[in-house]
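The structure under discussion appears below in the form of structure tokens.
What follows draws every value from the coordinates through simple rules; no lab data is involved. For clarity, every value in this text was computed on a predicted model and none was experimentally measured. Backbone-built Cβ (ideal geometry, glycine too); neighbour counts: all protein chains shown.
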Amino acid sequence: MAILQLDALQPGMVLAADATQLNGRVLLRAGATLTEQHLRVFRMWGLSEADIVGADPERLHDAKLAAADPAHLERQRATLTDRFRHTDNTHPVMVELFRWCLEQSVEEAKR
């Protein structure tokens, strides 16, 4: 189980926990298999993430980065390393923030 962002959700994935809004309203119960319609409803109601059975966020992250231009990726890593130089780069929050920034730069380069 892992919590995935809305952009990473795909039809066929199975919810490990209820998909709820911030106010607690349940949009879809645990065990449901996601469809394209569910994803549209999640977007309409502002759901940003869901807990998915068997999801591996590391694998998804690695797949996104593998599709990136290696030269661009290295430039972005160097830039981010410089920007994060005053942080504890071993802290889990900082590791995830670095990873997120790197993914966003890859997504931005695709546009």
Q. For Thr87, what is the net charge nearby, where nearby means another residue's Cβ is under 14 Å from its Cβ and Lys, Arg count +1, Asp, Glu -1?
A. 0
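Need the full-extension length gain, Cys101 to Asp18, defined as separation in residues times 0.36 nm minus the C-alpha distance. One decimal, nm. Don't skip to the end; give the middle numbers.
Working: separation 83, 0.36 × 83 = 29.88 nm, distance 2.82 nm.
Separation in residues times 0.36 nm, less the Cα-Cα distance, equals 27.1 nm.
When every alpha-carbon pair in region 70-111 is counted, what percent end up more than 16 Å apart? Working shown, then result.
On the way: 279 of 861 pairs.
Distances greater than 16 Å cover 32 percent of the Cα pairs.
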Q.
How far apart, in nanometres, would the label points at Leu65 and Lys110 be if each is projected 7 angstrom from Cα along the Cα-to-Cβ direction?
A. 1.6 nm
Q. What label, among (i) 14.4; (ii) 18.4; (iii) 15.6, belongs to Kirkwood radius over Cα pairs in Å computed from the structure on display?
A. (iii)
Q: Note the full-extension length gain between Arg25 and His91 as 0.36 nm times their separation in residues minus their Cα-Cα distance, in nm to one decimal.
A: 20.5 nm
Q. Which angle from 0 to 90°, rounded to the nearest 10, does the C-alpha axis of helix 70-83 make with the longest principal axis of the chain?
A. 80 degrees
